[in-house]
1. Calculate for the chain the 222 nm mean residue ellipticity that helices alone would give, adding -39,500 (n - 2.57) per DSSP H run of length 4 or more and normalising by residue count, nearest 500 deg cm²/dmol.
2. Put Thr27, Thr87 in order of accessible area, largest first, 1.4 Å probe: what do you get?
3. What whole-number value in Å² describes the accessible area per residue of the range 23-74 for a 1.4 Å probe?
4. Sticking with the crude label model, points 7 Å out along Cα→Cβ, report the distance from Ser88 to Thr25 in nm, one decimal please.
5. Rounded, prolate or oblate, given the Cα gyration tensor of the chain, with a/c below 1.5 counting as rounded?
6. Can you give the extra length, in nm with one decimal, that the chain gains between Leu12 and Gln46 once fully stretched, where that is 0.36 nm per residue apart less the Cα-Cα distance?
7. Return the carbon/sulfur percentage of the accessible area of the chain, one whole number, probe 1.4 Å, all protein chains in place.
Amino acid sequence: GKGRQWHRSLQLMEGMKRNGVPANTITYNACISACQKDGHWKEALQLIESLRSQGLLADTITYNAAISACGKGRQWQRALELLEEMTSDGIAA
């Protein structure tokens, strides 16, 4: 049901990885957005780290979803840090 989409999206991403299907920024954005909808800010931040470790670039959608997830989780400091990273990466808010 509702509230479990983040979990399902992470499972799908794991399945892709196991089957040798490379994830891209769009895949990560979908997962981060699902985490954001359910307020799972920790998972959203882990996904950004994973995205970067894959050599992929975060975009406006990536940052906005992660910042929103942090906001829902009342993680204001982390949200501000992401906003600063976004700005230093040259991405418009």
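The values are calculated or read from the model by the stated rules, or taken from the named source; none is laboratory data. As the structure is a prediction and not an experimental result, all values here were calculated from the model. As a convention, Cβ positions derive from the backbone with ideal geometry for all residues, glycine included, and neighbour counts pool all protein chains shown. Calculation scope for accessible area: heavy atoms of the full protein, side chains included, ligands and nucleic acids excluded. Shrake-Rupley method; radii C 1.70, N 1.55, O 1.52, S 1.80 Å.
1. The per-residue figure over the chain is -22500 deg cm²/dmol.
2. Largest to smallest exposure gives the sequence Thr87, Thr27.
3. So the range 23-74 comes to 47 Å² accessible per residue, rounded to a whole number.
4. According to this spin-label approximation, the distance is 1.9 nm.
5. Oblate is the answer for the chain, as a/c is 1.5 or above yet b/c matches or exceeds a/b.
6. 10.6 nm
7. 53
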